[in-house]
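Each remark here refers to the structure printed beneath this line.
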Amino acid sequence: MKKTGRIRLNISECVRIYYRDSSCSECLKVCPVNGAIYQDDYKVFINNELCVSCGACSGVCPSQAFEFDGFSPEELVKRISTTGETVSCKTNIPCLSALSVEHLIAAALNSQNDIILDTGHCRECFIGSLLEEIERKKEEANYVLERLGVENRVVTQELSLQPEKKEEKKRREFLKNFGKAAAGLTFWALAPRLSSFEEEDFKPKNIVEEKVNIPKRKLLIESLKAAQPEPSTQLETEKISFTSDKWIDNSKCTNCSVCYNVCPTGALKPGEERLKILFEPKLCIKCGICHEICPEDCLHLEEKITLGTFLNETKVLAEHVMIPCEECLVPFSYKGDTTLCPRCRQLEDEIRDLLQLGE
């Protein structure tokens, strides 16, 4: 674990540990403080001196590798769903950007009313650049809620809520210590003092066996099942950031197993003596690793996903018949056209080309 005051990066949960060349850089792009999050080689790190613990990184991380000391977004979602309280950086959250799209959807599904986000402090805050990100999440959450037929919406209002007066002295002391740079982080001044995270040395994990468990995904699944929306509801995969549906071109797939071995969540997995490739959409976090690493480029996104597929299905994406190559005896996926494995076919073609050149 990488210690950084109020927020830490559990690097063993980062998708880059599963695939070092992953294109995922959401935390780097969203961080409002230049250099607070940086990449060294393939690993991501937090600069303790610069981090202001706004939580924007946590709000966009697909694998929820960032965690808070003294704040749980899942607990906040459960509370506001019951109490109907407004979400504000001055009262109950470090920054509105700390909530993910999944948190916003779950909150609206469980609430009797709209979810109100107080953006009144965003424009004057030094990290006000996150307002655009907050609005983007709101729009995506509302797209999903509309498709589900849910009346509640996520709403941004410039309310400019203030902390209770009895906490004013503590707030002034906090702002005096941190100056203008912490103007939008009053939440941490009011949060209880807790023991800081203990720093642990990073230990490589067995990425084939140890998969990521994501609290916000569990909360979303529970909320959707409780709401019982129409299973045939369709979502356009290009309009949602947190999951996908897939298909495999079986004529190209060689059953190399790379895609499901590096899948961070186990959404892709082997089936029946490793002759099938299975896909469980409710575990998919749309990190894109499987598409980037596939050597045959045979894995593709479906244009739409149905709610029933997302919640309940485990799809068979590819099925294989494995036979030994007649030349080298190495098993390969038989497509009905040749009894030579791809490697021997390539070698045969290269030899043929060489012979033609010599004529």
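The values are calculated or read from the model by the stated rules, or taken from the named source; none is laboratory data. All values derive from a computational prediction rather than experimental measurement. Cβ sites come from the backbone with ideal geometry, for glycine too, and all protein chains shown count toward neighbours. SASA here: full protein model, heavy atoms, side chains in, ligands and nucleic acids out. Shrake-Rupley method; radii C 1.70, N 1.55, O 1.52, S 1.80 Å.
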Exercise. Residues L145, L130: which one is at pLDDT below 95, surrounded by 20 or more Cβ atoms within 10 Å (Cβ to Cβ) and part of a helix (DSSP H, G or I)?
Worked result: L130
Exercise. Limited to the stretch 86-97, what total is found for residues that are modelled with pLDDT under 95 and open to solvent by 30 Å² or more (accessible area, probe 1.4 Å)?
Worked result: 1
Exercise. How about the stretch 13-109: which helices (runs of 4 or more DSSP H) wholly inside it have at least 1 residues that are without any contact (Cβ under 8 Å) to a residue 12 or more places away in the chain and of a type in the set (D, E)?
Worked result: 73-83
Exercise. Wholly within the stretch 247-332, which helices (runs of 4 or more DSSP H) include no fewer than the required count, namely at least 1 residues that are within 26 Å of Q228 (Cα to Cα), open to solvent by 10 Å² or more (accessible area, probe 1.4 Å) and aliphatic (A, V, I, L, M)?
Worked result: 307-312
Problem set entry | Pair list, Cβ under 8 Å, 6 or more apart: the stretch 153-168 residue in a loop (DSSP other than H, G, I, E, B) and among the small types (G, A, S), other residue surrounded by 13 or more Cβ atoms within 10 Å (Cβ to Cβ) and modelled with pLDDT of 95 or more | S160/D118
Seminar exercise, completed: Within the stretch 107-127, of all residues that are buried (at least 21 other Cβ atoms within 10 Å of the Cβ) and of a type in the set (A, V, I, L, M), the one nearest to E230 (Cα to Cα) is L109
For this session: May I ask you to list the residues in the stretch 207-246 that are touching a strand residue (DSSP E or B) at 6+ places or on another chain (Cβ under 9 Å), open to solvent by 70 Å² or more (accessible area, probe 1.4 Å) and assigned to a loop (DSSP other than H, G, I, E, B)?
Result: P231, S232
Problem set entry | Pair list, Cβ under 8 Å, 6 or more apart: the stretch 233-254 residue more than 22 Å from R217 (Cβ to Cβ), other residue open to solvent by less than 60 Å² (accessible area, probe 1.4 Å) and polar (S, T, N, Q) | C253/S333; T254/S333
